[in-house]
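One structure is given here, and the rest of the page talks about it.
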Amino acid sequence: MQLGRPAVQRGLIALAALAVLVTACNDDGRAMRSPVLPPPPSTTAAPATMPPGEEGFVTGPSTTTLPPSFQLLTAWPNGAAIPARHTCDGPDVAPAISWTTVPSDVVELAVSMVDLDADFVHWVMFGLSPTRTALAEGEVPPAAIERPNDFGDVGYGGPCPPGGETHTYLFTVHALNQQVEVADDATATEVVDLLNQTSILETSISGTYARSG
């Protein structure tokens with residue numbers, strides 16, 4: 001069967017239209033491309049279960065607070081009033097103190113007492129065995145060395161502030177990395193400075209005292 005002329009013309013026109021469509025899709029810069037899919041949604045780990053009542057709080061790295069390894073104890077709480085027995089208004093005897101054990105590399109221990117308000121040294125003692133953990137009231141161990149305080153007396157001199165004033169006194173036990181050697185003419189302040197410089201560890205307790213005006 002032969003196609004008539006109009007049918008042939010219609011076929012040619014259809015083929016030409018198809019060619020134009022293909023060319024338009026491939027050559028005019030608007031060629032069809034494979035669809036770009038959006039990235040998959042990110043996932044986050046579920047938050048750890050929080051204790052009831054703490055939801056919504058963000059916490060940082062956990063930390064552990066260790067108990068103090070070197071601690072001084074006295075008959076009065078830290079910062080409280082020093083009993084008159086240990087002052088110039090009483091027998092003026094050194095208080096009993098105790099402390100926890102120290103590391104094995106400590107060579108010797110020392111004790112000092114300083115009036116923080118007057119920058120006045122009341123007591124300096126060194127040469128204590130590192131195995132010792134206490135001093136009884138007024139005790140001076142045989143191997144210990146006491147130096148003159150700022151009163152000019154060897155040994156302990158208790159709180160004695162001017163009338164009407166309240167002063168703060170700091171008792172310190174020094175754990176030293178060497179034996180103390182000081183010049184004979186060294187002042188009490190110089191000895192305390194040396195103790196601070198050679199201390200591996202220090203532990204202190206403060207106390208206050210006031211005299212009537």
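Of note:
- Fraction of accessible area attributable to carbon and sulfur, the stretch 62-213 (%, probe 1.4 Å): 50 percent
- Each residue of the stretch 173-185 was assigned a 3J(HN,Hα) from its phi angle through the Karplus expression (A = 6.51, B = -1.76, C = 1.60, θ = phi - 60°), giving 9, 9, 9, 9, 9, 7, 6, 7, 10, 10, 5, 4, 9 Hz with x at Gly and Pro.
- Computed over the stretch 174-213, relative contact order equals 57 percent, with contacts defined as Cα pairs under 8 Å that lie 6+ residues apart.
- Local charge for SER199 was computed over the other residues whose Cβ lies under 13 Å away, with Lys and Arg +1 and Asp and Glu -1, and equals -4.
- Per-residue Karplus couplings for the stretch 134-143, computed as 6.51 cos²θ - 1.76 cosθ + 1.60 with θ equal to phi - 60°, are listed in order as 6, 10, 6, 4, x, 6, 10, x, x, 8 Hz, Gly and Pro entered as x.
The values are calculated or read from the model by the stated rules, or taken from the named source; none is laboratory data. Values in this document were obtained by computation on a predicted structure and should not be read as measured data. Heads up, the Cβs are rebuilt from the backbone with ideal geometry, glycines too, and the neighbour counts pull from every protein chain shown. Side chains are part of the model used for accessible areas, which takes the heavy atoms of the whole protein and leaves out ligands, DNA and RNA. Shrake-Rupley method; radii C 1.70, N 1.55, O 1.52, S 1.80 Å.
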